[in-house]
Amino acid sequence: MKTISILGSTGSIGTQTLDVISRHPGDFSVVALTAGTNIDLLEKQIRMFRPAVAAVADEEKAQELRLRLKDMEIRILSGMDGMIEAVTLPQTDIVVTAVVGMIGIRPTLEAIRAGKDIALANKETLVTAGHLVMKEAADRGVQILPVDSEHSAIFQSLQGSRRSQIRRILLTASGGPFRGKTRSELGTVTLADALHHPNWVMGKKITIDSATMVNKGLEVIEAKWLFDVEPDQIQILVHPQSVVHSAVEFADNAVIAQLGTPDMRLPIQYALFYPERKPLGTEPLDLFSVRDLSFEKPDLDTFRGPAFAYEAIRTGGSMPTVMNAANEKAVDLFLHEKIGFWEIYDIIEECMSRHKVIAHPQLEDILETEKETYRYIESRWKH
């Protein structure tokens, strides 16, 4: 039986992870759950999965949760220290990092240092601190198991092959809700338009990132660190059907891809059971009903997210942190309808253009760069 701690259990990936666990009684034990402020859902999860520890963002919420759960034997922790303790428990085998944002970096690093395998769904960890995370994982003999559908597909396609044989990674993108739209059309889209993804059910932030294609840019940076390739070896393909989740082209021209229905539970389960496969109990892929699989070159002049990411990773150092932090803040402003869709790109571009790069940032440099980027945006875009 594997013992699991989940960082961000009330979000989209966290809830789907618990769904996967519930489909395999006897295979997993949940020892810790962490959440931000949604203690209503967290309480339900605790009563169902009975972890030894739970953690929330602030002490006030933690105290309320303690009162609600006074009939149970459970430790309720709070803040960053609480999250770190929850993911470094001695009995934990694997940590699912399902939290959104750079708040996931420190607990992920601490979990690695404690020797825990990582089922990684937190993009920011590798985007901003990939050089630190991958070195720590290698030094500790820890597995980083990708949960993103695209990176899981690449990981699966590489089974049985050496990474030195990779020619290119073919990173697929759905194109999001605005595929085919022009710059002028993007100037009038609404928040509701951007949140209506054609294929995937995801959290709000990642859905907006899909609409801007910033998400695909962040995945390019992740892929660089996960699979030890150069940015020029990563090609983005728009694949509207979201059936081919990504592929690898090898030195002999062979292309191996992973296909499946657009369901995040498949990559989650693969990471949890790796290297085994188990029945998922969901609808299988029916290629007869799919019929057509099409691929297009992305319009990177209109959807500028990948261009920013390629620039950031080629520059290196602290630049990916600036890109990521600027996007996080810009998306938050857009979600609160304080800026237009196109201004997300403007904010990222301006923040990157003014940044003085730190060549070899440590964790504190990364976190301070994030704060500086936030402060600049707050002073520049006052609404």
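The values are calculated or read from the model by the stated rules, or taken from the named source; none is laboratory data. Not measured: the values here are computed from a predicted model. In this analysis, Cβ positions are derived from the backbone assuming ideal geometry, glycine residues included, and neighbour counts consider all displayed protein chains.
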**OP:** Being basic (K, R) and at pLDDT below 95 narrows it down to one of K61, K44, K123, so name that one.
**Re:** K123
Original post:
With respect to the numbered conditions (1) in a strand (DSSP E or B); (2) without any contact (Cβ under 8 Å) to a residue 40 or more places away in the chain, which one is the sole condition not fulfilled by E136?
Top reply: (1)
**OP:** Provide a single number: the residues in the stretch 16-58 that are part of a helix (DSSP H, G or I) and among the hydroxyl-bearing types (S, T, Y).
**Re:** 2
Subject >> Qualifying position, being farther than 27 Å from V244 by Cα, more than 19 Å from the chain's Cα centre (by Cα) and either assigned by TED's automatic domain parsing to the domain that holds Q156 or of a type in the set (D, E) (or both), among E337, E370, E283 >> reply: E337
Original post:
Does I112 fit the bill of being out of contact with any strand residue (DSSP E or B) (no Cβ under 6 Å at 6 or more places or on another chain) and farther than 27 Å from E276 by Cα?
Top reply: no
**OP:** Please work out which residue is modelled with the lowest pLDDT, limiting yourself to the stretch 282-293 and to residues that are in a loop (DSSP other than H, G, I, E, B) and surrounded by 10 or more Cβ atoms within 10 Å (Cβ to Cβ).
**Re:** T282
Original post:
Would you call K181 basic (K, R) and crowded, with 17+ Cβ neighbours inside 10 Å?
Top reply: yes
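Matching residues to (1) buried (at least 23 other Cβ atoms within 10 Å of the Cβ); (2) under 22 Å from M213 (Cα atoms); (3) charged (D, E, K, R); (4) out of contact with any Ser or Thr (no Cβ under 8 Å at 6 or more places or on another chain):
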position	(1), (2), (3), (4)
A312	yes, yes, no, yes
V322	yes, yes, no, no
A326	yes, yes, no, no
K338	no, yes, yes, yes
P361	no, no, no, no
L367	no, no, no, yes
R375	no, no, yes, yes
